[in-house]
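What follows is a single structure, written as structure tokens, with notes after it.
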Amino acid sequence: MTDPRPQLILLPGLLNDAELWRDQISGLADVARCAVADLTQGATLAELARSVLDQAEPTFALAGFSMGGYVAQEIARQAPERIERLALLDTSIRADTPERAAQRRALNAAAQRPGQFLGVTERILASYIDPSRLDDEDLTGRIQAMTQRLGREVFLRQNALERFDGAAALRTLNKPIQIICGENDAITPVEGHREMARAIGCTHLLVIPGAGHMTPMEAPEAVNQALRRWLAR
């Protein structure tokens, strides 16, 4: 008997793995067959997109978080006919500015200095999650453990990826699109998501109150409800 649930490919962000999507994997199990892509290898977004496509079913639902959103846009450019629907969480469709590219190079240089790689430290956490959650030891511990587990080499590869403008590919996708972001996302702010929605003609934008950049972990119930509605569209 054929399983009626669609394959839902979940694309993590920089220094993220399946732990990012833990609550979506369990919370959406009755409506989707979730599969978390490995984005730790590959020197370009195009390589990562091809890797995902090589392992995916002929058609699938696709959700990309942060850096994973850029990979999702590259998949939409390479194989739009294989995407049944697309969700973009806490990400951007804009190419890196020269200033942002320079910041990435500086971060990579700093990460290559001798010493222990600490991943997302307590200082950096302040820009990743809503300020009200900084005392949530379970949440902060999960984020820090995940980033330390993936380590320096993964950070260097992922941070060096050149980010391209994905607006053109998304404007012509013509599939159900859902955009989600945290109200207090300091990495990819709300206004950028509003601009994204306008640029690609998406009328489904959810801004989650009291959440920062890490919405799948900070606000799993709100994210899951939005993804359920999107999967049913």
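Bear in mind that the values in this text are calculations on the coordinates, not laboratory data. Note that the structure is a prediction, hence the values are computed from the model and not measured. As a convention, Cβ positions derive from the backbone with ideal geometry for all residues, glycine included, and neighbour counts pool all protein chains shown.
Taking Cα atoms only, the orientation of helix 67-78 departs from the longest principal axis of the chain by about 40 degrees.
Can you give the FRET efficiency for Asp3 and Asn108, using 1/(1 + (r/R0)^6), R0 = 30 Å, r = Cβ-Cβ distance, to the nearest 0.05? Computed FRET efficiency for Asp3 and Asn108 comes out at 0.10. What FRET efficiency would be calculated for the residue pair Ala43, Arg123, taking the C-beta separation as r and a Förster radius of 30 Å, to the nearest 0.05? E between Ala43 and Arg123, to the nearest 0.05, is 0.55.
Extent along the principal axes, Cα only, for the range 1-108: 53, 28, 21 Å, with the longest axis given first. Sorting 196-205, 68-77 by their mean Cβ neighbour count within 10 Å, with the most densely packed peptide first, gives 68-77, 196-205. Taking a point 7 Å out from the Cα of Glu137 in the direction of its Cβ, the residues of the range 208-228 whose backbone N falls within less than 20 Å of it are 218. The value for the range 99-233 of Rg(Cα) / (2.2 N^0.38 Å) is 1.18.
Using a simple spin-label model with pseudo-atoms 7 Å out from Cα toward Cβ, Ala199 and Ala18 lie 3.3 nm apart. Model label sites at Ala101 and Ala145, defined 7 Å from Cα along the beta-carbon direction, differ in position by 3.9 nm. Note that the range 89-102 has calculated 3J(HN,Hα) couplings of 10, 6, 9, 8, 10, 9, 5, 4, 6, x, 5, 5, 4, 5 Hz, one per residue in order, obtained from phi through the Karplus relation 6.51 cos²θ - 1.76 cosθ + 1.60 (θ = phi - 60°); glycine and proline are x. According to the calculation over all Cα-Cα pairs in the chain, the P(r) per 10 Å bin from zero is 8, 35, 39, 16, 2, 0 %.
Look at the alpha carbon pairs under 8 Å that are at least 6 residues apart: their mean separation over the length of the chain gives a relative contact order of 24 percent.
Taking the longest Cα principal axis of the chain as reference, the axis of helix 137-159 is set at about 90 degrees. Rounded to the nearest 20 debye, the dipole magnitude of the range 12-78 is 160 debye, with +1 charges on Lys and Arg beta carbons, -1 on Asp and Glu beta carbons, and the Cα centre as origin.
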